[in-house]
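Before any comments, here is the structure.
The values are calculated or read from the model by the stated rules, or taken from the named source; none is laboratory data. Bear in mind the structure is a predicted one, so any value in this text is a computation, not a measurement. No Cβ is skipped: glycine too gets one built from the backbone with ideal geometry, and neighbour counts run over all protein chains shown.
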């Protein structure tokens with residue numbers, strides 16, 4: 001964390017106000033591979049979203065609500081509602097990337113650094 005934090009801080013201090021909020025916008029289209037880089041970053045974000053939210057779907061679908069009745073219809077409806085709710089939150093929060101970065105940093109640190117030793121001790 002110290003290495004990544006120090007590299008990010010040094011990079012920001014070098015470019016100050018020229019740094020854009022979304023880092024891929026900061027790169028100028030000078031090289032022949034700029035379009036491929038931006039396309040790859042966008043594709044990565046779109047492809048990783050279903051993988052991340054699938055875990056939440058699996059946990060929610062283990063509740064008693066899904067054990068009775070038609071499991072498939074309820075599953076599709078709840079998944080659609082969750083995706084619409086996430087999209088609405090993204091539209092309501094003005095700087096959603098900052099919110100995601102803070103939540104991701106806290107969650108990533110908790111999952112990678114704190115939970116493994118705690119679970120090992122249990």
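Summed over the range 13-59, the residues that are modelled with pLDDT of 75 or more and either within 30 Å of residue 84 (Cβ to Cβ) or surrounded by 10 or more Cβ atoms within 10 Å (Cβ to Cβ) (or both) give a count of 25. For the structure I just gave you, tell me whether residue 73 is modelled with pLDDT under 80 and surrounded by fewer than 10 Cβ atoms within 10 Å (Cβ to Cβ). No; evaluated as a whole, the condition is false for this residue. Of all residue pairs spaced 6 or more apart or on separate chains, none has beta-carbon atoms under 9 Å together with a first member in the range 65-82 that is touching a residue at least 12 places away in the same chain (Cβ under 8 Å) and a second member that is exposed (fewer than 11 other Cβ atoms within 10 Å of the Cβ) and in a helix (DSSP H, G or I).
Residues in the range 43-64 that are in contact (Cβ under 8 Å) with a residue 12 or more places away in the chain and assigned to a helix (DSSP H, G or I): 53, 56, 57, 60.
Is it fair to say residue 99 is more than 30 Å from residue 1 (Cβ to Cβ) and modelled with pLDDT under 85? No, not satisfied.
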